[in-house]
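Here's the structure we're looking at; comments come further down.
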Amino acid sequence: MTKTSRNNFARYAFLCIGMLAVDSEYSARANTNSIESGYASFYAGLDKSPLNRHTKTFVKNYIRRNQESLHQIKQRSSMPFNMIDSVFAGFRLPLQLKYMAVVESELKATAVSRVGAAGPWQLMPETAHILGLKVTRRNDERKNYYKSTRAAARYLRDLHANFGDWLLVLAAYNGGEGPVNYAIHESGSRSFWAMQPWLPAETRDYVKKFIATCYYFEGATGLAKLSAANVFQEAKTASIPSPRQASASQKMSILPGRESSDEKFQRLMRESESSLKQSDQILKTGR
């Protein structure tokens, strides 16, 4: 190839890259404008949902602030979503949980947080080890889309077996089981909406970001499917109690044979203490 040909090829390649960049930017802006122009129709399903007024406002503001990035994620979501759907279906999980990966990492397998969480599901090294993933300098399976998704599915399934409520599962995935158990104990409720004052602000927002992302991708249909999975149970009717009201609610009568929130909290604390003692014994004796 002559020098002139190389120069012409370089100019052509540069022109194509520029056109692609402009087209991508135009597409994102067009999507943003389409939502803004059809504001009422786009949010009609949200307005009719059982979500409370504050959460609806959060969802609208979140989508409005993140429209361009959400659109870009949507453009490259087909392959990862197909794989996640396949894994989650095998674990009988609500397929809408795949939007957690959007909130966690924007679907990026190479994403790494400032605290050391990595991969599309932003698993910490300790959690990844427990879930059976290898985490070494040469091989970090948290960044393997398929393996990390299976690990996340197992984790979500186990969290749901513990809490029995998908919003509490989301809260526990983000902030840990300890803060959720604490909020259950302090609020006297197992409703995410009622226990919000006792959850960390980041965890409260995480759950609402998930709801907003689900609505962006699936609209009212996604909310309906989540409702069918009891995700929005008590969403509209549950009021946010004051600490005094929550304290009083802990004294309410419990049906025979049912474990109260306080009893479960105490049991979990005893089990955690027992588990720690066993771990210490293993570390000391090697068996």
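List of remarks:
- Sorting 67-77, 178-188 by their mean Cβ neighbour count within 10 Å, with the most densely packed peptide first, gives 178-188, 67-77.
- A simple spin-label model places pseudo-atoms 7 Å from Cα toward Cβ; at Arg53 and Asn82 they are separated by 4.5 nm.
- Stretch gain in nm, segment Arg157-Ala201, where the contour uses 0.36 nm per residue and the Cα spacing is subtracted: 13.4 nm
- Prolate/oblate/rounded call for the range 47-178, Cα gyration tensor, a/c under 1.5 rounded: prolate
- The range 109-196: trypsin sites (Lys or Arg not before Pro) falling in loop per DSSP and having at most 15 other Cβ within 10 Å: Arg114, Lys134, Arg137, Arg138
Taken together, the values in this text are just the output of simple stated rules run on the coordinates, not laboratory data. Worth saying up front: this structure is predicted, and the values here are computed from it rather than measured. Methodologically, a virtual Cβ is constructed for each residue, glycine included, from the backbone with ideal geometry; neighbour enumeration extends over all protein chains shown.
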